[in-house]
Amino acid sequence: MNHSCETTSCHQLSDVATNVTVGRRQFLKLATLGAGVALFMSAAPRFATASGKAKALMLSCMDYRLVDDAVKFMADQGLNNEYDHVVLAGASLGVVSEKFKDWHETFWQHLDVAIKLHGIEEVIVIDHRDCGAYKLALGAEAVETPEKETAVHTATIVDFAKQVKAKHATLGVKAYLMALDGKAEAVAV
C-alpha cells in the first residue's frame, strides 16, 4: 500500500492532522481555563469568609458621648482592630427589651455573621450610665439613682448574657457599665 503524501487521501489526512493540532491547542487552552475555573470554584467558599480573625464582637450604645471611649476601652483590653462592632441604642437593652423588639433579630444575625466570617470567641457588651434608651424604654424613675441605674443595667446585661449563652454556648461574654468619663466597671454575668 502506498503511503506517500502525493495522494489526495494523504492531503486530507494532513488537513485532519492540522485540525487535530489546532484542536489540541484549543483543547489545552480550554482545559487550562477549565482547571482555573475549577480551582477558583474550589476556593470560592473561602472567599465567603473575610480574611483574618476577630477575637470579639463588641455591642455598645449609639450615644455620641462615649463612642471614642468605647474604642479606647477596647484598645486598652488589647483588642485594637481585633473586634467587630454592633451599635444599638441601649446596647444590651436593645437586644432584650420588648420596646426595641424589631432590633433583636438584627443583633442575632450580626452575631452569627461575626462568628462565621471572623470566628469570634466572645461578646463584649458595654452599657453606660445616663443612657437615654433606658429612660425611654423603662421610664426615668427606673434609673433615677445610681443604685437603681446599676441594678437595672445589671439585670438587663445578665439577661442579655443568658440569651447569648443559650444561642451560642461556646461564646464567652464580658460585660461592662461605663461612666460618662469613660471609666468602665465590670458586670458579673
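The values are calculated or read from the model by the stated rules, or taken from the named source; none is laboratory data. No experiment lies behind these values; they were computed from the predicted model shown. Every residue, glycine among them, receives a Cβ derived from its backbone with ideal geometry; neighbour counts consider all protein chains shown.
Quick look at the numbers
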quantity	calculated
Test: residue in the stretch 164-181 that is of a type in the set (D, E, K, R), under 19 Å from the mean Cα position of the chain (by Cα) and either under 22 Å from ASP102 (Cβ atoms) or not assigned by TED's automatic domain parsing to the domain that holds GLU98 (or both)	yes
Number of the exception - THR154 against (1) out of contact with any strand residue (DSSP E or B) (no Cβ under 9 Å at 6 or more places or on another chain); (2) of a type in the set (Ser, Thr, Tyr); (3) assigned to a helix (DSSP H, G or I)	(1)
Subset of the stretch 173-189 [surrounded by 16 or more Cβ atoms within 10 Å (Cβ to Cβ) and in a strand (DSSP E or B)]	VAL173, LYS174, ALA175, TYR176, LEU177, MET178, ALA184, VAL187
Number of positions in the stretch 70-101 that are of a type outside the set (Ser, Thr, Tyr), more than 19 Å from LYS53 (Cβ to Cβ) and under 20 Å from the mean Cα position of the chain (by Cα)	8
Set ILE124, ILE120: member being in contact (Cβ under 8 Å) with a residue 24 or more places away in the chain and more than 17 Å from ALA188 (Cα to Cα)	ILE120
Filter pass, ALA166 being free of Cβ contacts under 8 Å to residues at least 12 places away in the same chain, part of a helix (DSSP H, G or I) and under 13 Å from LEU93 (Cα atoms)	no
Checklist (1) closer than 19 Å to LEU180 by Cβ; (2) modelled with pLDDT under 95 applied to SER51, failing item	(1)
Cβ-Cβ under 9 Å pairs, at least 6 apart or on other chains, the stretch 76-97 side assigned by TED's automatic domain parsing to the domain that holds ASP159 and within 21 Å of GLU185 (Cβ to Cβ), far side part of a loop (DSSP other than H, G, I, E, B) and of a type in the set (Val, Ile, Thr)	TYR83/ILE120
Residue among ILE120, ILE126, ILE115 that alone is at pLDDT 95 or above, touching a Cys at 6+ places or on another chain (Cβ under 8 Å) and β-branched (Val, Ile, Thr)	ILE126
Per-region count, the stretch 130-145, residues part of a loop (DSSP other than H, G, I, E, B) and either free of Cβ contacts under 8 Å to residues at least 40 places away in the same chain or under 20 Å from LYS101 (Cα atoms) (or both)	4
Condition met for PHE107 (among the aromatic types (Phe, Trp, Tyr), free of Cβ contacts under 8 Å to residues at least 60 places away in the same chain and closer than 19 Å to TYR83 by Cα)	yes
Check on GLY23, surrounded by 11 or more Cβ atoms within 10 Å (Cβ to Cβ), assigned to a helix (DSSP H, G or I) and at pLDDT below 95	yes
Of residues in the stretch 107-129 being part of a loop (DSSP other than H, G, I, E, B) and out of contact with any Asp or Glu (no Cβ under 8 Å at 6 or more places or on another chain), the one nearest to LEU66 (Cα to Cα)	GLU121
